[in-house]
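Contents: one structure, followed by commentary.
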Amino acid sequence: MAELELPGGFKFKGGKIFAIITALATFVGALYGVFVAYKDYTDFKNFIQNEYVEPDLSGFDKRIDLVQQQVDMLQSEMTMILEEVNLVASTAKELKDDLKSDVRTLQQDSRHTESVVNSVKNNTRDELRLFEQSIKDLEGELELKINKALANPLAGVK
C-alpha cells in the first residue's frame, strides 16, 4: 500500500491520501471559481463604468406620447358616443311612453265610439219596430176603411 509522509510526522495511507487529494482539488477548483467570478465582476464593473452607454429611449417616449394622445382621443370619442346613445335611449323612451299614451287614448276612443254605435243601433232598431208597428196599424186602419167603404150600400151610387 502507498504511504505518504509529510514533514512534522504526519503519515497518510491509501484512502486518506485519496481523500486529501480530492479535498485539495476541490479547494483549488473553488479558488479558481472565485477568481473567475471576481474577474467577471471586475470586467463587468469596468464595462459599466467606462464603455456602457445608456440606450436612447426618446423614440419610445415619443411613441408612448402618441399612444397616449390616441387613447385620449378614443376616450373622448367614446364619451361622445355614450352621450349620443343616452340621448337616443331617452328619446326612444319618451317616444315609447307617448305611443303607449296614444294607444290608451285610442282604446278609450274606440270603446266610446263602440258604445255610441251600439246606442245608435239600439235606438234605430227600436224606432224601426215602432215604424213597422205604425205601418201595420195604418194598414189595419186602411183595410178597415176599405172594407167599410165596400160594405156601404151607397158606395156604388153616383
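The values are calculated or read from the model by the stated rules, or taken from the named source; none is laboratory data. Being a predicted model, the structure only gives us computed values, none of them experimental. As a convention, Cβ positions derive from the backbone with ideal geometry for all residues, glycine included, and neighbour counts pool all protein chains shown. Heavy atoms of the whole protein, side chains included, go into the accessibility calculation; ligands, DNA and RNA do not. Shrake-Rupley method; radii C 1.70, N 1.55, O 1.52, S 1.80 Å.
Remarks
- Unmet requirement for Q49, which otherwise passes all of (1) in a helix (DSSP H, G or I); (2) open to solvent by less than 100 Å² (accessible area, probe 1.4 Å); (3) of a type outside the set (V, I, T): (2)
- Only one of S134, S101 that is over 60 Å from the mean Cα position of the chain (by Cα), assigned to a helix (DSSP H, G or I), of a type in the set (G, A, S) and surrounded by 10 or more Cβ atoms within 10 Å (Cβ to Cβ): S134
- In the range 16-38, residue nearest to the chain's Cα centre (by Cα) [restricted to those that are closer than 17 Å to L6 by Cβ and among the small types (G, A, S)]: A23
- Hey, V36 at pLDDT 95 or above and out of contact with any strand residue (DSSP E or B) (no Cβ under 7 Å at 6 or more places or on another chain) or not: yes
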